[in-house]
Structures are given as structure tokens and as C-alpha cells.
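Trainee: One structure, as C-alpha cells, below. Some questions next.
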Amino acid sequence: MAKGTILAEIERKSQDLIRVYNPLNEDYVITWDKSSPAGAKLFRVKAKKEEVLIRWIAKKYIQEMAQKLITSNADEAVKKENERRIKAGIAKMDTHTEQVAFETPLLRIDDLRYKEILALLYVGIEREYGIDVEAEAEPETPLEPGKTAFDVALEEVEKKKALELAKPKEPALKKPEPKVEVKQKKYKCDFPGCDFSTDASIALQGHKRTHRKNLEDKVKEINK
Ligand SMILES: [Zn+2]
């Protein structure tokens with residue numbers, strides 16, 4: 001691909017619509033373009049609800065929410081530890097020394113946990129921008145230097161999903177399949193350790209929701 005074509009492709013991809021999920025009991029608002037003279041743009045993902053966002057906003061949301069889940073768990077643990085100390089008649093942790101030592105390991109989570117969090121927040125591609133639904137999967141792109149761990153992990157989650165293309169709704173009654181050989185696309189679950197796969201992207205999204213309860217509990221338990 002020529003460089004211009006690649007840039008155009010990146011530009012097109014950035015317009016994809018991504019379905020995300022907010023596991024918290026409170027709404028979350030993503031702020032974009034703070035320094036614009038026209039003012040910041042705000043995008044709300046309601047508590048315990050899914051929302052469809054354009055890719056670059058979805059990415060910012062997933063990044064911020066993953067961080068929030070990790071740090072809020074650490075904050076919770078710090079609070080508990082201080083309460084325990086007070087009850088036992090010991091001084092609270094010193095914020096610059098003891099607390100740092102206490103929370104540093106809590107803020108470090110392993111790859112698997114991180115992928116679980118991303119899989120919880122990232123529900124799927126709602127619609128690829130300007131792509132015919134019959135299009136083939138795009139070839140894997142090699143890792144570019146300067147990519148963050150977040151980029152790599154998110155890409156992996158996305159890749160596992162194979163082709164999360166917006167398919168046209170199927171008629172209620174199944175007509176006999178035409179004789180033409182159609183390569184069936186498989187939609188695979190991206191939760192670590194799950195090997196569920198299906199022919200319909202909508203079925204995958206339904207399946208993924210069944211992981212939610214379990215995963216939300218796990219996220220809460222990260223630092224226990
Ligand atoms: Zn699954």
C-alpha cells in the first residue's frame with residue numbers, strides 16, 4: 001500500500017463506531033478537545049449502560065475507564081488499611097512513604113487482568129466506516145514502535161473479534177441457503193480463556209454480556 005493509501009485507511013478506521021460499556025454505578029463523561037475555541041466536546045456513557053462512540057472517543061473512554069477501575073480499587077484498599085490502623089490505635093499511613101509503598105503493587109496489574117478489563121469495556125464494533133459488510137478481514141499490521149501497551153492490548157482484543165462487521169438483519173424465516181459457497185465469518189469471544197464463537201456478531205455481543213457480572217466482580221477483587 002502506498003503511504004497515502006495507508007494514511008487514508010487510518011483516517012477511515014478512526015471513524016468506526018465502537019460499542020462500549022460502563023460497569024460503574026455512575027455516569028462517566030469523556031472530555032474531548034478541551035482547548036478548542038469552540039469549547040470541549042462531552043460524551044456521556046451512562047451508568048451500567050452501553051454507548052456507541054466514534055473510535056477515537058471510544059479509545060479515550062476505554063483508556064480512562066480502565067485506569068479509573070484500577071486506581072479506584074487501590075484507593076479503596078488504602079482507605080480500608082487506614083481504617084484498620086485507626087481501629088488498632090496505629091497512625092494512618094504516611095502519604096509520601098508508607099502509602100506509596102502500599103499502593104504501588106496494587107496499581108500494577110497483570111496482562112490477563114488488564115485484558116479482562118478491556119474486554120469488559122469494549123463490547124464490539126458497531127459499524128465500520130465506509131466498509132461494505134461483505135468485505136474481507138484486513139491483514140494484520142505489524143507493530144509500530146512507539147505503540148503503548150494499551151494500544152497493543154486493545155488491538156489484540158479487537159483482532160480476536162475477527163470481523164465484527166455490522167451485518168444486515170437476517171429475515172425471521174430462514175430461506176434455504178443459495179448454492180453459492182460463502183465463506184462463513186466466525187465471531188470469537190475476546191474474554192481470556194473463553195472459546196465461544198458464533199456466526200453472528202449480534203450473538204457474540206449477547207454472549208459477551210453474560211460475562212459481565214462475573215467480570216465486574218473480578219474487577220472489584222483485583223486488589224483483595
Ligand atoms: Zn466468552
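Trainee: Can you pull out the residues in segment 1-56 that are hydrophobic (A, V, I, L, M, F, W, C), assigned to a loop (DSSP other than H, G, I, E, B) and at pLDDT 85 or above?
Mentor: Correct list: L24, A38, A40, A47.
Trainee: Starting from residues that are touching a Phe, Trp or Tyr at 6+ places or on another chain (Cβ under 6 Å) and at pLDDT below 85, keep the ones in segment 186-218 and report whichever is nearest to the ligand (Cβ to nearest atom).
Mentor: L204
Trainee: What are the pairs with Cβ atoms under 7 angstrom where one residue, in segment 203-214, is among the basic types (K, R) and the other, located anywhere, is within 8 Å of the ligand (Cβ to nearest atom) and at pLDDT below 85? Sequence gap at least six, or different chains.
Mentor: Going by the 7 Å Cβ cut-off, there are no qualifying pairs.
The values are calculated or read from the model by the stated rules, or taken from the named source; none is laboratory data. Everything numeric here is computed off the predicted structure, so don't read it as measured data. For neighbour counting, all protein chains shown are included, and Cβ atoms are generated from backbone atoms with ideal geometry for every residue, glycine included.
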